[in-house]
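A short worksheet on the structure shown next.
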Amino acid sequence: MERTFAMIKPDAVERGLAGKILSRIEGEGFRVVAMRLVKMTKAQAEGFYAVHCERPFFGPLTAYMSSGRTIVLALERESAIKHWRDVMGATDPAKAAPGTLRKEFGESIERNATHGSDAPGTAAFELGYWFPGVSLHGA
Ligand code: IDP
Ligand code: MG
């Protein structure tokens, strides 16, 4: 069993899509290990996305991520990291495959409805960032 960090981003929470996305999470066989509603500060968003601090979209991205409520989740499943990335689809909703969450719910490359860790190292960092004590593999 593996864990990943997932987020329902502000654009999706604002449009009342959290229930549909949580239903998909359960339907895909994930166990919700931890979940919290967060209105993050700009500083929290900057810390979370520190890996992107040199990118031109860093300012707008962290402003958007701190603009409204998000739902942060620790999810467990076999191959959780890869499976959640597959369920979300490509970063740009316009390029995401049919049936993926970003294709269905994303508004733009920035406001793309969901987040998911991309590798074990980032999953460990992101889980710990929002859920102290929750690790990649745990009871
Ligand atoms: P990912 O979320 O699919 O892993 P990343 O490249 O890690 O994609 O980018 C993190 C987030 O930054 C994206 O989910 C999206 O919200 C935003 N983002 C990525 N690329 C762009 C861009 O070119 N313009 C605006 N926002 C972007
Ligand atoms: Mg990423």
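Rule-based calculations on the coordinates, nothing more; no lab input. Since the structure is predicted, the reported quantities are computational estimates derived from the model, not experimental observations. All Cβ positions, even for glycine, are placed from backbone atoms using ideal geometry, and neighbour counts span all protein chains on display.
Points to keep in mind about this one:
- Cβ-placed point charges (K, R +1; D, E -1), dipole of region 1-115 about Cα centre in debye, nearest 20: 180
- FRET efficiency for Phe58 and Glu28, using Cβ-Cβ distance with R0 set to 30 Å, rounded to 0.05: 0.50
- Largest-first ellipsoid semi-axes for region 32-77, taking √(5λ) over the Cα gyration tensor eigenvalues, angstrom: 22, 13, 7
- Taking a ≥ b ≥ c as the square roots of the eigenvalues of the alpha-carbon gyration tensor, region 10-63 is classed prolate because a/c is 1.5 or more and a/b outweighs b/c.
- Rg(Cα)/(2.2 N^0.38 Å) for region 78-139, N = residue count: 1.22
- At 0.692 mPa s and 37 °C, Stokes diffusion of the chain via Kirkwood alpha-carbon radius, µm² per second: 221
- Put a dot 7 Å past the Cα of Tyr129, heading toward its Cβ, do the same for Ile109, and the two dots end up 2.0 nm apart.
- Simple label model, 7 Å out from Cα along Cβ direction - Gln44 to Arg15, nm: 2.3
- Each residue in Thr41, Thr70 was given a count of other beta-carbon atoms within 10 angstrom of its own, and listing them fewest first yields Thr41, Thr70.
- Loop GluC sites (Glu not before Pro), region 32-77 (other Cβ atoms within 10 Å of the site Cβ: 14 or fewer; DSSP): Glu54
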